[in-house]
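For reference, the structure discussed in these notes is given below.
The values are calculated or read from the model by the stated rules, or taken from the named source; none is laboratory data. Just so it is clear, the structure is predicted and the values come from calculations on it, not from any experiment. Cβ sites come from the backbone with ideal geometry, for glycine too, and all protein chains shown count toward neighbours. SASA here: full protein model, heavy atoms, side chains in, ligands and nucleic acids out. Shrake-Rupley method; radii C 1.70, N 1.55, O 1.52, S 1.80 Å.
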Amino acid sequence: MPDKTAMYEDKMVKSVKNLESELATVRVGRANPRVLDKIMVDYYGTPTPVAQIANVGVPEARLLQIQPWEANMLKAVEKAIHASDLGINPTNDGKVIRLVFPEPTEERRKTLTKDVKKLGDDCKVAIRNIRRDAVDSFKKEEKKSEITEDDLKNLEASIQKLTDKKIEEIDKIIEAKSKEIMSL
């Protein structure tokens, strides 16, 4: 019997990867180039991520430096950052754009921690929905006599074990991110 849980495991892995990429864009007071991932710049009529039209560096812990490869793109990058929900005013010296990340207040850290926990909870719901879909699919196969009752029980146990493993992984990711936020 082929591994019927593999497709569902792939979906769960993708959900966790999505959570990790969402968490990477959460601004925690340290300069992280990933906060620019969702900011699109009008590059000759095409919305383009900042990282694809500029060199993005972190010269200091709380400073992000953006140097467009084309000098005429400085204004467009600055405009895109202003239009985003980043909440940081860029400074443009004619050659590079600098983003200075202020240290978050205690209240802001608590809010960020709640946001991170919510992202984790949403991911857990997605994992549980994948499990539900898998179990429903297995039950349909058993009704059609494609698999035996014992196979159904084994598959249900296997998908539950996988779900538990992914939920535990999500908890660790959320705990690490929350610790990072609160330890600044």
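Quick notes
- Here Val16 meets each of (1) under 25 Å from Leu112 (Cβ atoms); (2) without any contact (Cβ under 8 Å) to a residue 60 or more places away in the chain; (3) not acidic (Asp, Glu) with one exception, condition (2).
- When the residues of region 91-103 are filtered to those that are under 16 Å from Lys75 (Cα atoms) and in contact (Cβ under 8 Å) with a residue 24 or more places away in the chain, the one that is surrounded by the most Cβ atoms within 10 Å (Cβ to Cβ) is Ile97.
- Test: residue in region 127-150 that is over 18 Å from Met7 (Cα atoms) and under 20 Å from the mean Cα position of the chain (by Cα): no
- Residue in region 9-22 that is open to solvent by 50 Å² or more (accessible area, probe 1.4 Å) and in contact with a strand residue (DSSP E or B) (Cβ under 7 Å, 6 or more places away or on another chain) present: no
- Within region 46-84, the set of residues being open to solvent by 40 Å² or more (accessible area, probe 1.4 Å), in contact with a strand residue (DSSP E or B) (Cβ under 7 Å, 6 or more places away or on another chain) and either part of a loop (DSSP other than H, G, I, E, B) or farther than 15 Å from Pro33 by Cβ (or both) comprises Pro47, Arg62, Trp69.
- Hits in region 123-132 (condition: farther than 18 Å from Asn154 by Cβ, touching a residue at least 24 places away in the same chain (Cβ under 8 Å) and open to solvent by 50 Å² or more (accessible area, probe 1.4 Å)): Arg128
- Given (1) basic (Lys, Arg); (2) more than 15 Å from the chain's Cα centre (by Cα); (3) at pLDDT below 85, index of the condition Lys38 fails: (2)
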